[in-house]
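Read the structure below first, then the notes.
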Amino acid sequence: MKCLLIYDIPDDGVRTKIANFCLDYGLDRLQYSAFVGDLSANHQEELMLKIQQRLGKAAGHIELLPICREDWRRRLSICQ
């Protein structure tokens, strides 16, 4: 399923590590703190667990949003 992962993490080291996790799972960077790609339900849970473990007690807010195929097709975007 297509997923959008977005985050707000103040610590540079933690943020970089989490970005690398996203890339390791085959997600593509959409913006500085946003990634998109296809993840099974198991991989969604696995990725969020890794992120939670790495985040530990550091400040941060992470959202993983599954997007159904129909909604993904109806998206609007501008890329220049």
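The values are calculated or read from the model by the stated rules, or taken from the named source; none is laboratory data. Since the structure is predicted, the reported quantities are computational estimates derived from the model, not experimental observations. Here the Cβ positions follow ideal geometry from the backbone for every residue, glycine too, while neighbour counts run over all protein chains shown.
Descriptive notes on the structure:
- For the stretch 22-34, a residue qualifies if it is surrounded by 11 or more Cβ atoms within 10 Å (Cβ to Cβ) and within 15 Å of residue 9 (Cα to Cα), and the qualifying residues are 22, 33, 34.
- The set of residues in the stretch 22-34 that are part of a strand (DSSP E or B) and modelled with pLDDT of 95 or more comprises 28, 29, 34.
- Residues of the stretch 40-60 classified as touching a residue at least 12 places away in the same chain (Cβ under 8 Å) and among the polar types (S, T, N, Q), total: 2
Listed here are the residues, each with its yes/no results for (1) surrounded by 16 or more Cβ atoms within 10 Å (Cβ to Cβ); (2) out of contact with any strand residue (DSSP E or B) (no Cβ under 9 Å at 6 or more places or on another chain); (3) in a helix (DSSP H, G or I).
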site	(1), (2), (3)
7	yes, no, no
20	no, yes, yes
36	yes, no, no
64	yes, no, no
71	no, no, yes
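- Counted residues, the stretch 53-62 - those being over 17 Å from the mean Cα position of the chain (by Cα) and assigned to a helix (DSSP H, G or I): 0
- Filter result (out of contact with any Phe, Trp or Tyr (no Cβ under 7 Å at 6 or more places or on another chain) and either within 19 Å of residue 79 (Cβ to Cβ) or small (Gly, Ala, Ser) (or both)) within the stretch 15-36: 19, 26, 30, 31, 32, 34, 35, 36
- Odd one out for residue 19, checked against (1) touching a residue at least 12 places away in the same chain (Cβ under 8 Å); (2) over 23 Å from residue 69 (Cα atoms); (3) more than 12 Å from the chain's Cα centre (by Cα): (3)
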